[in-house]
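All remarks here apply to the structure that follows.
No lab work stands behind these numbers, since they all come straight from the coordinates. Remember, it's a predicted structure, so these values are computed and weren't measured experimentally. Heads up, the Cβs are rebuilt from the backbone with ideal geometry, glycines too, and the neighbour counts pull from every protein chain shown.
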Amino acid sequence: MDLQVNIFALNEDKTIADVIYAVPRDIPGIDRVRIMVIDDGSTDRTAELAEEAGAEVCRHGYNRGLGAAFASALKTSLAGDADIMLTVDGDGQFDVGQIPDLIAPILDGHADMVTCSRFLDPNLLPDMPVVKQWGNHVVAGMVSSMTGVRLKDVSCGFRAYNRECMVRLNLMGRFTYTHEAIMELVFKGFRVSEVPLAVRGVREFGQSRVASNVFRYGWRTLRIMIGTLLNHRPHHVFSALAAVSAVGGVALAIFGWIPFLMTGSFIKWAMFSGGFLLALAVLLCLFGLQARTMHRTQFLLENLLYEQRLQQSQTQRVP
């Protein structure tokens with residue numbers, strides 16, 4: 001069984017070599033370990049030092065974002081015929097010596113995708129700013145509510161995927177991939193598991209390019225999550241909105257009609273507002289039906305893409 005370790009790097013020349021050297025090469029159940037550094041437009045010696053340390057390098061000519069880096073990791077892992085794809089940041093926050101623990105649930109057949117959890121074990125809580133801890137808990141709660149799977153950490157980039165997950169993943173976000181990947185895999189019926197591991201809460205050098213501004217990160221992440229939810233559960237979203245609109249419309253209509261029993265006159269603004277909300281509820285139901293039809297088309301197209309990827313992986317293998 002082959003494992004490809006993808007290390008995401010943007011100007012990480014101070015840590016990239018140490019991360020590469022620390023990757024274990026002898027892992028029970030793994031026949032070959034391939035290390036690929038995804039250099040997302042670094043302007044320092046990251047790529048050069050990575051090659052000197054023995055890793056292969058996939059270079060982006062400019063900074064394209066973490067989502068694009070994940071897409072490159074996915075492409076090279078499939079082309080290299082990897083059975084398990086692992087992703088980790090090149091800043092040294094994660095202990096790559098724990099890779100055997102992370103991939104164990106996949107090797108044992110208990111999970112399809114595994115993510116490192118920084119918050120699952122109270123004894124392993126990282127030392128990080130309170131606002132970032134709070135933000136992680138909020139986002140994890142939102143993803144758990146949307147997917148129906150209880151998760152403690154959905155933002156960690158130290159993860160592993162089996163081959164079926166790799167072939168089935170189709171991500172849209174360029175800013176980040178962490179939440180979208182989990183949501184898409186859960187919606188497609190894959191088993192997602194968490195493994196509690198000790199993680200350094202803050203970078204030793206530099207600062208995060210993704211979460212440097214908490215509010216900007218939160219807004220862009222929310223857009224990605226809502227977009228993913230609409231892609232996979234559009235009829236649920238429109239049905240919920242229609243139900244809220246219908247309840248509000250009925251409540252306002254009753255409020256506007258009750259005075260008629262006593263005075264013989266309606267509260268016009270309430271009646272008009274109630275009628276508008278009821279009409280909106282009908283429109284939302286129609287949108288939901290249309291979205292459901294489009295989702296079925298998307299399902300068929302993704303199955304065609306799945307078959308195409310399987311064929312390509314069998315005919316285009318990188319030694």
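Structure notes:
- The stretch between residue 130 and residue 290 holds 53.3 nm of extra length on full extension. This uses 0.36 nm per residue minus the Cα-Cα distance.
- Between 0 and 90°, nearest 10: helix 234-263 axis offset from the chain longest Cα axis: 20
- Number of Lys-Lys pairs in the chain with C-alpha atoms under 26 Å apart and a separation of 8 or more places or on different chains: 4.
- The residue list 98, 171, 78 was ranked by how far each Cα lies along the charge dipole of the range 2-232 toward its positive end, using unit charges on Cβ atoms, and 171 comes out on top.
- Rg(Cα)/(2.2 N^0.38 Å) for the range 1-128, N = residue count: 1.04
- Charging the Cβ of each Asp and Glu at -1 and of each Lys and Arg at +1, and nothing else, the dipole of the range 2-232 about its Cα centre rounds to 1020 debye.
- Over the chain, the pair-distance histogram of Cα-Cα distances with 10 Å bins from zero comes to 6, 23, 30, 20, 10, 6, 4, 2, 0 percent, rounded to whole numbers.
- Note, ³J(HN,Hα) from phi for the range 225-230, Karplus 6.51, -1.76, 1.60, rounded to Hz, x at Gly and Pro: 5, 5, x, 5, 4, 5
- Summarising the strand pairing of the chain, around 25 percent of its internal DSSP beta bridges are antiparallel.
- Each eigenvalue of the Cα gyration tensor of the range 234-315, multiplied by 5 and square-rooted, gives one semi-axis; in descending order these are 48, 8, 6 Å.
- Cα-based helix-to-principal-axis angle, 178-187 vs the chain, degrees rounded to 10: 70
- Between the Cα long axis of helix 66-79 and the first principal axis of the chain there is an angle of about 60°, rounded to the nearest 10.
- Of all the options 271, 294, 225, the one that moves most in a Gaussian network model of the chain with Cα springs shorter than 10 angstrom is 271.
- FRET E, pair residue 48, residue 198, Förster distance 41 Å, beta-carbon r, rounded to 0.05: 0.85
- In the range 72-202, the ratio of gyration radius to Kirkwood radius, Rg to Rh, stands at 0.94 when only Cα atoms are counted.
- Taken about its Cα centre, the range 41-80 carries a charge dipole of roughly 260 debye when the Cβ of each Lys and Arg holds +1 and the Cβ of each Asp and Glu holds -1.
- Positive-end extreme of charge dipole, the chain - chosen from 117, 219, 182 (charges on Cβ): 219
- Chymotrypsin sites (Phe, Trp or Tyr not before Pro), loop per DSSP, at most 13 other Cβ atoms within 10 Å - longest free stretch of the chain: 63-204
- Selected from 285, 158, 228, residue furthest toward positive end of dipole (the chain; charges at beta carbon): 285
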